[in-house]
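The values are calculated or read from the model by the stated rules, or taken from the named source; none is laboratory data. Every value quoted in this text rests on a predicted model; they were computed, and no experiment measured them. Don't worry about glycine lacking a Cβ; one is built from the backbone with ideal geometry, like all the others, and counts go over all protein chains shown.
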Amino acid sequence: MLKIEKNNQPKVKPPVKELGFGKYFSDHMFQATFTLGEGWHSAKITPYQALQIEPGASALHYGQALFEGMKAFRQTNGDCVLFRPEFNCRRLADGAERLCMVAPPQELMLEGIRELVKIDRDWIPSSRGASLYLRPTLIGTESFLGVRPAEEYLFFVICSPVASYYAEGTAPIKIWVEETYIRAAPGGLGATKAGANYAASLKAAYQAKQRGYAQVLWQDVGHEYVEEVGTMNVFFVFENEVVTPKLDGSILPGGVRDSVLTLLKKFNIPVNERKLSMKEVCSAYETGKLKEVFGTGTAAVISPVGELSSPHYKMVINEGKTGPLAQRLYDAITGIQYGDQPDTFGWNHKF
Ligand SMILES: Cc1ncc(COP(=O)(O)O)c(C=O)c1O
């Protein structure tokens, strides 16, 4: 049985136009603890509050820290749904296995998430494009020095009401093709949502911002093949083929990427998951065969890319406008999330 400690000092909710992304947190959080011998215990909903962990906690030194990002929506008819929560719980468990961490059982994660969004239901914004973003997080809390997996963990979930991820809203963004740094390498942590991957990405992302670009496009270790964007997977629409980089262990297996692959199949649009070099992209651009580029991710849903640039080229894609496939996919996914379209894949979990 989940213990529930209600927050008797609820915060004033910010107006939707001020939400931005990840600036505000709701009134409650979910927490559960793992200790060796006892397993997972002390699962509870509490007021949103500061954590108390030892300065020797392994997450702070050896980076045993993993997180997830998922959303709850208020649908047009007032129903509230979580979008594909089991996908995120499974990915967290897969990441935990790679980082030698102990993930909570799926049922515990799902129950905690469901109870949390129920208690903070009023925090789910009702306007189109806005949602309640959930951040499940797993950290090693055992206090010791010495490199080995921790024997104590904390799993917690916090919620943030959000609007659009990019300042551009749903308008096409400009992406910088990174040619110096890499985010992940074969055999590394790239397929997980380890905090370490984001630490590795900050410098290039900062430099790209300084140049006026929203995010970077990561390439493989040899700076030859496309991998993904800072917080999105990426799709290229050529004249006769839709391509997304194959999951090779260094790319995050995105939930929206998976949803897009499913929808493309339904639309009878062939898509290939394969290796794709920037050389091939540039040559398709030069011959007029590159029609659209878009990113996919929970935060931004479908984000058209209007420009791809590096020190060696500048490609303006589809005249910098949203392409028809990106628009169709955006409408299909948000249509299911907000309940305007039938959820034929069973992606929404009503609560
Ligand atoms: C590096 C990276 N790639 C891809 C994605 C897209 O994943 P998803 O569609 O599950 O949000 C994200 C966002 O979570 C990300 O951080």
- Query: Hey, any hits in the range 196-205 for a residue that's out of contact with any helix residue (DSSP H, G or I) (no Cβ under 7 Å at 6 or more places or on another chain), more than 10 Å from the ligand (Cβ to nearest atom) and not hydrophobic (A, V, I, L, M, F, W, C)?
  - Reply: yes
- Item | Subset of the range 258-310 that is of a type in the set (S, T, N, Q) and part of a helix (DSSP H, G or I) - its residue that is farthest from F87 (Cα to Cα) | S283
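Conditions (1) among the hydrophobic types (A, V, I, L, M, F, W, C); (2) within 11 Å of the ligand (Cβ to nearest atom); (3) crowded, with 17+ Cβ neighbours inside 10 Å, marked per residue:
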residue: N233; (1), (2), (3): no, yes, yes
residue: F238; (1), (2), (3): yes, no, yes
residue: G249; (1), (2), (3): no, no, no
residue: V256; (1), (2), (3): yes, yes, yes
residue: S259; (1), (2), (3): no, yes, yes
residue: K266; (1), (2), (3): no, no, no
residue: P270; (1), (2), (3): no, no, no
residue: E273; (1), (2), (3): no, no, no
residue: M278; (1), (2), (3): yes, no, yes
- Out of (1) out of contact with any Pro (no Cβ under 6 Å at 6 or more places or on another chain); (2) at pLDDT 95 or above, the odd one out for V226 is which? (1)
- Task: Assess whether G195 counts as being over 22 Å from F83 (Cα atoms), surrounded by fewer than 14 Cβ atoms within 10 Å (Cβ to Cβ) and modelled with pLDDT of 95 or more.
- Result: no
- Query: Any residue in the range 68-88 that is buried (at least 22 other Cβ atoms within 10 Å of the Cβ), closer than 15 Å to F156 by Cα and of a type in the set (S, T, N, Q)?
  - Reply: yes
